[in-house]
1. What FRET efficiency comes out for Thr39 versus Lys61 if R0 is 30 angstrom and r is the Cβ-Cβ distance? Round to the nearest 0.05.
2. Nearest 0.05, what FRET efficiency do Thr139 and Arg114 give at R0 = 22 Å with Cβ-Cβ as r?
3. Suppose each label sits 7 Å from its Cα in the direction of the beta carbon; what would the Leu96-Met83 distance come out to in nanometres?
4. For the pair Thr14/Asn147, report the inter-label distance in nm, with labels modelled 7 Å from Cα in the Cβ direction.
5. How large, in percent, is the carbon and sulfur part of the accessible surface of segment 48-164 at a probe radius of 1.4 Å?
6. Could you please state, rounded to a whole Å, how far the C-alpha centre of segment 22-52 is from the C-alpha centre of segment 96-143?
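The values are calculated or read from the model by the stated rules, or taken from the named source; none is laboratory data. In this text the structure is predicted, and so the values were computed from the model without any measurement. Note: ideal-geometry Cβ built from the backbone for every residue, glycine included; neighbour counts use all protein chains shown. What goes into the accessible areas is simple: the full protein's heavy atoms, side chains included, and nothing from ligands, DNA or RNA. Shrake-Rupley method; radii C 1.70, N 1.55, O 1.52, S 1.80 Å.
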Amino acid sequence: MAKAITNIERYIPTPEEEKQKAIQQVLEAVSENHQALITLLDIVKELQEIGVLDIVQGALKNRHDIGVIAVSQLNQPGMHRIMKNGMNALQFLGKLEPGKLQNILNAVDHGIVRLTDTKSEKPMGLMGMGRAMMEPNVTLALGSMINFLRGMGEGMQEAEKHVH
C-alpha cells in the first residue's frame, strides 16, 4: 500500500533567480525579434535627429499646462460648431473620388492662370462674350457648372425633405 502524502515540498525561487529568469526571457525576445528592434532603433534615431523626440518630451513634461490650454480653447464660443464643421468637411472629402477631385482642381488652377493672363487684354464687349460662349472650352465649363448647380439643387431638395 502507498503511504499518504502529508508533506509537499514546494520550491519558491529567490528574487535573484526571478530576475535572472526575466533577463533570460527578455534576451530570448530580443533574439527572436532582433530585426524589428534594429528597425525601431533606426526610426528612433531619425526622430531624435529631426527633433521630434524633444517635442514629445516637452509635451509630456508640460502636459498639464497643455491640457489647460486645450480645455480653455474648447470652451470658446462656437468651438463645437468648428469641430462639427471640421468633421463634416472630412466626411465630404472622404466621399470624393481622388482622381475626379484632382481633375477639378487642375481645371480650377488652369482657370486661375488664364484669369491672371487676361489682365493684360482689353475688356471684352458683348459681342466678344457671345463669341466666347461658342468656344468648346467655354461651353464645356458652362455645361459642367450647370450640372454642378443641378446636382446641388437636387441635394438641397433632398435635405429639405428630411427637415420636414
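1. 0.60
2. 0.90
3. Placing both labels 7 Å along Cα→Cβ, they lie 2.5 nm apart.
4. Taking the simple label geometry, Thr14 and Asn147 are separated by 8.3 nm.
5. That fraction is 65 percent.
6. 55
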